[in-house]
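A short worksheet on the structure shown next.
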Amino acid sequence: MKVQTSMIVAGVGVIGMGLGTLFHIIAMATPAWTVKSEASVDGEAMSVSGGVYLYGPWTKCDNSVESKEAGHVRDSGTTCESVSGDWLKTVRIWDKELADAWESVRTCTLLGVFAAIGAIICTVVAAVMNGTSKANIAKILSIVVIVAAGVAFLCIVIGVFKWSTGVGGVTNSSGTDGVSGWKLGYSVYLTIIGGLLIGGGGLIAGIGGMFGKKK
């Protein structure tokens with residue numbers, strides 16, 4: 001494979017991994033991993049209260065609404081805050097498994113970012129090496145790119161799996177006079193797309209680098 005072609009392939013891989021990393025970071029920063037809607041009825045006070053609650057590995061938001069006497073609605077507005085270590089310590093008091101799963105997802109999302117960034121850096125360095133007399137080093141780096149991108153993809157997959165099975169359904173409960181439901185939000189799908197782009201981009205860049213300039 002000619003050096004110019006190898007550079008083009010590397011560029012395609014970097015673009016794919018870069019977009020995937022961006023999508024994954026945006027997903028990490030947004031709370032819509034789990035979307036919970038909840039409502040409860042107070043017959044004596046003739047009121048309905050509830051709201052929409054968003055939970056993510058790093059951020060959570062709630063928008064509480066209270067309606068009294070058929071029509072009078074008080075909206076408390078949307079309040080968002082970061083999911084801190086202290087908050088997770090509080091969660092651990094009443095549900096250790098939930099807190100452990102939550103922290104595992106946070107770790108997986110971070111490892112996914114670091115591995116993806118590492119794959120991008122190695123791709124750039126390998127492309128430069130392919131244009132010099134150090135093509136053998138470029139081939140080794142290309143293997144590292146595939147491995148790093150694969151690790152990033154795997155971390156994202158594990159994080160999504162742990163969230164959907166260990167964290168995402170935690171809000172699927174309600175009292176006898178309430179109605180609640182939860183579903184996975186757009187952030188989960190965004191991070192899945194990011195993982196696919198990272199894995200695919202790393203594979204393209206790695207294979208292109210291994211068949212670059214021959215010495």
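The values are calculated or read from the model by the stated rules, or taken from the named source; none is laboratory data. Here the structure is a predicted model, which means the values were calculated and not measured. Using ideal geometry, Cβ is built from the backbone for each residue, glycine included, and neighbour counts are taken over all protein chains shown.
Observations on the structure shown:
- Pair list, Cβ < 8 Å and 6+ apart or interchain, from segment 13-33 residues that are crowded, with 22+ Cβ neighbours inside 10 Å to residues that are charged (D, E, K, R): Pro31/Lys60
- Condition met for Thr79 (at pLDDT 80 or above and polar (S, T, N, Q)): no
- From the options Gly166, Gly150, residue that is at pLDDT below 90 and either of a type outside the set (Ser, Thr, Tyr) or assigned to a helix (DSSP H, G or I) (or both): Gly166
- Selection from segment 88-111 of residues that are of a type in the set (Lys, Arg) and surrounded by fewer than 16 Cβ atoms within 10 Å (Cβ to Cβ): Lys89, Arg92, Lys96
Residue-wise test of (1) under 20 Å from Ile193 (Cβ atoms); (2) of a type in the set (Ser, Thr, Tyr); (3) touching a residue at least 40 places away in the same chain (Cβ under 8 Å); (4) in contact with a His (Cβ under 9 Å, 6 or more places away or on another chain).
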site: Asn136; (1), (2), (3), (4): no, no, yes, no
site: Leu141; (1), (2), (3), (4): no, no, yes, no
site: Ile156; (1), (2), (3), (4): yes, no, yes, yes
site: Lys162; (1), (2), (3), (4): yes, no, yes, no
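- You will find that of Cys80, Cys122, Cys108, the residue that is without any contact (Cβ under 8 Å) to a residue 60 or more places away in the chain, within 21 Å of the chain's Cα centre (by Cα) and more than 16 Å from Gly194 (Cα to Cα) is Cys80 and no other.
- Top-ranked residue in segment 169-201 [being hydroxyl-bearing (Ser, Thr, Tyr) and surrounded by fewer than 20 Cβ atoms within 10 Å (Cβ to Cβ); ranked as modelled with the lowest pLDDT]: Thr176
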